[in-house]
Amino acid sequence: AQSVTQLDSQVPVFEEAPVELRCNYSSSVSVYLFWYVQYPNQGLQLLLKYLSGSTLVKGINGFEAEFNKSQTSFHLRKPSVHISDTAEYFCAVSDLSSASKIIFGSGTRLSIRP
Amino acid sequence: SQTIHQWPATLVQPVGSPLSLECTVEGTSNPNLYWYRQAAGRGLQLLFYSVGIGQISSEVPQNLSASRPQDRQFILSSKKLLLSDSGFYLCAWRGQGAGDEKLFFGSGTQLSVL
């Protein structure tokens, strides 16, 4: 069965600094990987997804993530954050043996300091 | 366009009372349907998912059950609520075709069991 680990529950960074939010997954088969974002008082929305092909995936709002199969990771990065990036970020995985089943991590709360 | 409706938005129930949360999707057919529970520090916990009418996969043994009586209707139920059932419940859907991996979430139900 697949699982997702987000080791950092909170990540504080200064505005315009780079950020990396870590995500590691566990699965015995190939996977689809996702990052969702939840802005304060809003619903979840898809930030980016990896299905196949290029391991570097670009999403909305300047975020990108890199799929690393050997390290079973899918870390999310942004070179320069803005106050408006303050949100909770969730990594999710579904494996190809049961593509309908989508498991989320525990979330990382990104707080941006001016 | 597709929409997802989830109700009620908030619910306060006494311990031992029954529960019924309803979710309906419009504008699509044969969606995959999901119930998640969101708790602080625990991310989104997958409770149930369904790939078709009457087909329910349960992820977490607990005091809850789910049913899918119609193609676009997904119901979360309990015969007797426990205090531990309190939380924020999210319904979601996605298409079943290739390229339909994105989840669309409802606005959620905040359940308080007292």
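The values are calculated or read from the model by the stated rules, or taken from the named source; none is laboratory data. Predicted, not measured: the structure shown is a model, and the values here were computed from it. Cβ sites come from the backbone with ideal geometry, for glycine too, and all protein chains shown count toward neighbours.
Checked across the range A:7-21, the condition of being under 21 Å from B:Asp100 (Cα atoms), part of a strand (DSSP E or B) and within 13 Å of the chain's Cα centre (by Cα) holds for no residue.
Tell me which residues, restricted to the range A:35-55, are in a loop (DSSP other than H, G, I, E, B) and within 16 Å of B:Trp93 (Cα to Cα).
Residue satisfying the conditions is A:Gly43 alone.
When residues in the range B:23-51 are screened for being at the interface with chain A (Cβ under 10 Å from one of its Cβ atoms) and either in contact with a Cys (Cβ under 9 Å, 6 or more places away or on another chain) or not hydroxyl-bearing (Ser, Thr, Tyr) (or both), 14 of them pass.
A:Val57 - would you say it is modelled with pLDDT under 95 and farther than 20 Å from B:Arg42 by Cβ? For A:Val57, the condition - modelled with pLDDT under 95 and farther than 20 Å from B:Arg42 by Cβ - is not met. Being more than 17 Å from B:Glu26 (Cα to Cα), of a type outside the set (Gly, Ala, Ser), in contact (Cβ under 8 Å) with a residue 24 or more places away in the chain and not in a helix (DSSP H, G or I) is the filter here; which residues of the range B:65-114 pass it? Residues satisfying the conditions are B:Leu76, B:Lys79, B:Lys80, B:Leu81, B:Leu82, B:Phe88, B:Tyr89, B:Thr109, B:Gln110, B:Leu111, B:Val113, B:Leu114.
Listed conditions (1) assigned to a strand (DSSP E or B); (2) aliphatic (A, V, I, L, M); (3) away from chain B (no Cβ under 14 Å) are all met by A:Val29, apart from (1). Cβ separations smaller than 6 Å between residues 6+ apart or across chains give the following pairs from the range A:20-38 residues that are under 11 Å from A:Lys49 (Cβ atoms) to residues that are among the hydroxyl-bearing types (Ser, Thr, Tyr) and assigned to a strand (DSSP E or B): A:Tyr32/A:Ser94; A:Leu33/A:Tyr50. Once the range A:76-98 is narrowed to residues that are crowded, with 18+ Cβ neighbours inside 10 Å and more than 19 Å from B:Ala39 (Cα to Cα), the residue that is nearest to the other protein chains (Cβ to nearest Cβ) is A:Ser94.
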